[in-house]
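Read the structure below first, then the notes.
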Amino acid sequence: MNNLDDIFKRAIARGNEITLDELHYLGACYWSELDQMSAELNSDRSKLVVHGIPGLEFKVVENESK
């Protein structure tokens, strides 16, 4: 299942790293929820910061090899 919580849990388990695929999926499917959490990418798109949850930020990394 790829819901918002699952993606965040996987990213946290990887040391707060979110993949490009996950980031694109979140943007496509959970735009409203991310907006409500005041989530944003930094200027060079290397970090996703979730302002609505203090201290929650993810480093954006290349997709996992399959």
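The values are calculated or read from the model by the stated rules, or taken from the named source; none is laboratory data. Note that the structure is a prediction, hence the values are computed from the model and not measured. Don't worry about glycine lacking a Cβ; one is built from the backbone with ideal geometry, like all the others, and counts go over all protein chains shown. When the accessible area is computed, the model is the full protein with side chains, heavy atoms only, and any ligands, DNA or RNA have been set aside. Shrake-Rupley method; radii C 1.70, N 1.55, O 1.52, S 1.80 Å.
Points to keep in mind about this one:
- Between GLN36 and LEU20, the distance separating the two model label sites (each 7 Å from Cα on the Cα→Cβ line) works out to 3.0 nm.
- Phi angles of region 34-42 translate, via the Karplus equation with coefficients 6.51, -1.76, 1.60 and θ = phi - 60°, into HN-Hα couplings of 5, 5, 5, 8, 6, 7, 8, 8, 6 Hz per residue; Gly and Pro are given as x.
- Distance in nm between pseudo-label sites at LYS9 and SER43 (7 Å out along the Cβ direction from Cα): 3.7 nm
- Per residue solvent-accessible surface (Å²) - the chain, probe of 1.4 Å: 69 Å²
- Element breakdown for the chain at a 1.4 angstrom probe: carbon and sulfur atoms account for 50% of the accessible area.
- Cα gyration tensor category, rounded, prolate or oblate, for the chain with a/c compared to 1.5: rounded
- If both residues of a DSSP beta bridge must be in the chain, then about 70% of such bridges are antiparallel.
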